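Here is the structure we will look at.
A short reminder: the numbers here are calculations on the coordinates, not readings from a lab. Quick caveat, the model's predicted, so the values are computed rather than measured. In this analysis, Cβ positions are derived from the backbone assuming ideal geometry, glycine residues included, and neighbour counts consider all displayed protein chains.
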Amino acid sequence: MPWREWSLNGTRSQLPPGRCAKIEVNGELMGVVGELHPNVIDNYELSGRAVALKIDLNVLFRANRPVKQYQGLPKFPVVERDLAVLVKQQVEASEMLAIIKRAGGNLLRGTDIFDVYQGAQVPEGYKSVAFSMKFQADDRTLTDEETADKMKRIAKSLEAQVGAELRK
């Protein structure tokens, strides 16, 4: 059976035609993959069929050079607020995070869940979920009133969409 040969970093990869493929990234040969020839399998006393893969990771690394980006340090302070709510156990945290992000708008710079609690102080079938939120504007220091308005909007959105109640 004829062999197919591709050079990879000065070496030869010999695999049978129709049972092999070359791997290219941006038009550059990165590797070869294919089923080993039956003679190779017999020579190494392998059982069944075997596959070989050879990859030049340098080609992959060259192709995956991220664009360096930076963002200047903020000129205005971050305002941090926490919010704890009671919701039914079946309400997904990811759904609540999505609601918070929509309601928080462009002033909400980040939100994380820092506590999920089920226990003696939480009604049966419910859980308490607590979120930490960071608000910031690019052009000014946020006022307490602006932050309070965002927090009210978030709480009302959670209540309307998943039946969340503020935890007291």
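What the table below lists for this structure:
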item	result
0 to 90° range, to nearest 10: angle between helix 144-162 axis and the chain longest Cα axis	70
10 °C / 1.306 mPa s Stokes-Einstein diffusion coefficient of region 79-166, Kirkwood radius on C-alpha pairs, µm²/s	119
Farthest positive-ward along region 85-130 dipole, Cα basis, beta-carbon charges - from Gln121, Leu86, Gly104	Gly104
Fluctuation leader among Asp144, Asp82, Asp42 - the chain, Gaussian network, Cα springs under 10 angstrom	Asp42
Loop GluC sites (Glu not before Pro), region 120-168, which have at most 14 other Cβ atoms in a 10 Å radius of their Cβ (DSSP)	Glu124
Residues Val25, Val78, Val59 arranged by fewest to most Cβ contacts within 10 Å	Val78, Val25, Val59
Cα-based reach from Lys88 at 22 Å (exclusive), listing lysines while leaving out same-chain residues under 8 positions away	Lys101, Lys127, Lys152, Lys156, Lys168
Relative contact order computed over region 79-166 (Cα-Cα under 8 Å; 6+ residues apart), in percent	44
Reach of Lys54 by Cα under 17 Å, taken over lysines that are not fewer than 8 positions away in the same chain	Lys22
